[in-house]
């Protein structure tokens, strides 16, 4: 009887040892589930942050074209530049496109809006069309305040 009891005890101990650890497959499944949850929760917030950073970059660029590059250009030239490409030597970049890949619009002289003081740069936002709301809103150099808002 004690032999049978000892064998039963050994079988139970062996079974517990086999069940004690977790398999690599179980670990991979848990990691995949955590990854999916993180993608669903964190992903939209990250994408929203990228969108707002594009708007900030466009605000900085239109302001730099209008209030830094154009005044430096105008000290050496008269009138209006033929294109924004003429102002890029006074910028840190040769890029004349906004963060969404649309060309910045330059208005100079009589075509400049009243608040622009003779020269203006516009980004039409994410949609590349005049008007709009949110990320699609126009970003105008003459309406950007000192903080870039």
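The values are calculated or read from the model by the stated rules, or taken from the named source; none is laboratory data. Predicted model only: the values in this text are computed from it and were never measured. FYI the Cβ positions are ideal-geometry reconstructions off the backbone, even for glycines, and counts take in every protein chain you see.
Got a sec? Which of 120, 82 is outside any helix (DSSP H, G or I) and crowded, with 16+ Cβ neighbours inside 10 Å?
120
Report whether or not residue 39 is in a helix (DSSP H, G or I) and closer than 15 Å to residue 140 by Cβ.
The answer is no for residue 39.
Within segment 86-98, can one find any residue that is in a helix (DSSP H, G or I), buried (at least 16 other Cβ atoms within 10 Å of the Cβ) and touching a strand residue (DSSP E or B) at 6+ places or on another chain (Cβ under 6 Å)?
No: segment 86-98 contains no residue that is in a helix (DSSP H, G or I), buried (at least 16 other Cβ atoms within 10 Å of the Cβ) and touching a strand residue (DSSP E or B) at 6+ places or on another chain (Cβ under 6 Å).
Any residue that is surrounded by 11 or more Cβ atoms within 10 Å (Cβ to Cβ), under 30 Å from residue 126 (Cα atoms) and in contact (Cβ under 8 Å) with a residue 24 or more places away in the chain - is there at least one of those in segment 39-51?
Yes, segment 39-51 contains at least one residue that is surrounded by 11 or more Cβ atoms within 10 Å (Cβ to Cβ), under 30 Å from residue 126 (Cα atoms) and in contact (Cβ under 8 Å) with a residue 24 or more places away in the chain.
Return the pair list, or none, for Cβ contacts closer than 7 Å from residues in segment 67-79 that are closer than 18 Å to residue 112 by Cα to residues that are part of a helix (DSSP H, G or I), at least 6 apart or on different chains.
68/90; 69/87; 69/90; 70/87; 73/86; 73/87; 73/90
Go through segment 46-61 and give me each residue that's more than 24 Å from residue 141 (Cβ to Cβ) and modelled with pLDDT of 80 or more.
none
For the condition at negative phi and touching a strand residue (DSSP E or B) at 6+ places or on another chain (Cβ under 6 Å), what is the one hit in 57, 62?
62
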